[in-house]
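Below you'll find the structure, written out as structure tokens, and then a few comments.
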Amino acid sequence: MPKPTQHLLSRRGFCLCCLGAQAAALTGGLLTPRRAYAEARGIVSLIKDSAASSPITTHNLRGNISVLEGSGGNIAVLGGADGKIMVDAGIGVSRPQMTKALADLGAEPVTHLINTHWHFDHADGNAWLNSVGAAIIAHDNTRKHLSQVERVTDWDYNFLPTPEAGLPTTVFDKSHEMTLNGATIGMTHYAGAHTDSDISVTFAEADVIHVGDTYWNGIYPFIDYSTGGSIDGMIAASDANLAATTDKTIIIPGHGNPVSTRAELQAFRDMLVAIRDNVAALKHEGRSLTETVAARPTAAFDAKWGQFVIDPGYFTRLVYEGV
């Protein structure tokens, strides 16, 4: 696995890359992502240590919407007289950098926070944002997962319940809508995709959509089977996202380059389908997991998508689990 560079860290804004870099340094590059994930107690600590010092980069979009990159997943911010509305909270130890980046966008306080799903690199900052006045909105399953001990098997890690201040107070099942700062903000739940708690967040007038971790721009995605994710659900989510967008829509992915297009999303969806079909064919022939990985069913896509922490072998294992 190639060692990620500092440029990759800052551009991707994906906290697990620090894990890959440190694992490679400690093992001469021989530690696979799967093995690295299994180094249980150190993983989240490494991620948080990286986030504590990582800079926040601001990308200005349109309709007074910006993206903050550098604390866990990509974070959208809508500013205006009703206060700032954030989509995802990042990692709590990034609070000093986040506070400065938010202040640079204007003096308005953060009044609302929407979680795209429950994972800590998107919701760990919930409590501090609630402490400064943000009401938290999410899918029912996000509150459920944050409210209890939750084990992510692939990370070999047990997450403790989130403090009450970090729990969503407004939850919904299929969809939710609100109007703030003159913008219609629509939230829609996917069936199990990256997790079973994923939602999209659409800013209708600006034609901007945040699709959370159902889309990883330019890199193979992680699928959390522990909490309801699936490869077929990722493909279905991509189809839903394509149906909800046009060539003029700005698409914000959960990870990867934070400003994306429908054409890039289409390429992501087509990659998922091709690899799913390749792996399924091998599995249905009776190939073992080891044999399927050795057959390199991702080979046609590795140069573009496989140059990150979730390498071709590991992504093959994720897909194999779901077909």
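The numbers here are math on the coordinates, done by the rules we state, and not lab data. None of the values given here were measured: they were computed from a predicted structure. Counting neighbours? That spans all protein chains shown, and the Cβs are built from the backbone with ideal geometry, glycine included.
How long is the gain from Asp232 to Ser131 if the chain were fully straight, where each residue apart is worth 0.36 nm and the alpha carbon distance is subtracted? Provide the component values of the computation, followed by the final result.
Values: separation 101, 0.36 × 101 = 36.36 nm, distance 3.80 nm.
Roughly 32.6 nm would be gained on extension.
To check you understand DSSP bridge types, tell me what percent of the beta bridges within the chain (both residues inside) are antiparallel, rounded to 5. Each step should come with its number before you reach the end.
Working: 29 of 44 bridges.
Counting DSSP beta bridges with both partners in the chain, the antiparallel share is about 65 percent.
Stretch Asp302-Thr179 to full length: gain in nm at 0.36 nm per residue minus the Cα-Cα span?
Working: separation 123, 0.36 × 123 = 44.28 nm, distance 4.19 nm.
Gain in length upon complete extension: 40.1 nm.
Just the number: Rg to Rh for region 125-248, Cα atoms, Kirkwood Rh, two decimals.
Values: Rg = 15.2 Å, Rh = 15.6 Å.
Over the Cα atoms of region 125-248, Rg/Rh equals 0.98.
Calculate one ³J(HN,Hα) per residue across region 74-90 by plugging θ = phi - 60° into the Karplus curve 6.51 cos²θ - 1.76 cosθ + 1.60, and present them in order as whole Hz with x for glycine and proline.
Residue by residue, region 74-90 yields 5, 10, 9, 9, 10, x, x, 5, 7, x, 7, 10, 10, 10, 6, 10, x Hz.
Using the Karplus curve 6.51 cos²θ - 1.76 cosθ + 1.60 with θ = phi - 60°, work out ³J(HN,Hα) for each residue of region 52-63 in order, rounded to whole Hz, and write x for Gly and Pro.
5, 10, 6, x, 9, 9, 9, 10, 8, 9, 8, x
Which residues' amide hydrogens lie under 5 Å from the amide hydrogen of Ala204, considering only partners 5 or more residues apart or on another chain, with H built in the peptide plane?
Here Thr184, Gly186 satisfy the definition.
What FRET efficiency, computed as 1/(1 + (r/R0)^6) with R0 = 30 Å and r the Cβ-Cβ distance, is obtained for Ala204 and Thr58, rounded to the nearest 0.05? Before the final figure, lay out each step's value.
Working: r = 23 Å, r/R0 = 0.76.
It comes out at approximately 0.85.
Report the calculated FRET efficiency for Glu285 and Ala107 (r = Cβ-Cβ distance, R0 = 51 Å), to the nearest 0.05.
Numbers: r = 62 Å, r/R0 = 1.21.
Here the calculated transfer efficiency is 0.25.
Where does the chain land at 222 nm, in deg cm²/dmol rounded to the nearest 500, when only DSSP H runs of n ≥ 4 count, each adding -39500 (n - 2.57), divided by all residues? Before the final figure, lay out each step's value.
Details: 13 runs with 122 residues, N = 323.
After summing the helix terms and dividing by the residues of the chain, the value is -11000 deg cm²/dmol.
With a cut-off of 8 Å between alpha carbons and a minimum separation of six or more residues, what is the relative contact order of the chain in percent? Don't skip to the answer; put the middle values down first.
Numbers: 694 pairs, mean separation 45.8, N = 323.
Relative contact order for the chain comes out at 14 percent.
List the lysines whose alpha-carbon lies under 16 Å from that of Lys144, not counting same-chain residues fewer than 8 positions away?
In chain and number order, the partners are Lys174.
Could you bin all the Cα-Cα distances of the chain into 10 Å bins starting at 0 and give me the percent of pairs in each, rounded to whole numbers?
Going from the shortest bin to the longest, the percentages are 6, 28, 37, 22, 6, 1, 0.
For a quick check, take a GNM of the chain with Cα springs below 10 Å and name the residue from Asp82, Asp247, Asp154 with the largest mean-square fluctuation.
Checking each option, the largest mean-square fluctuation is seen for Asp247.
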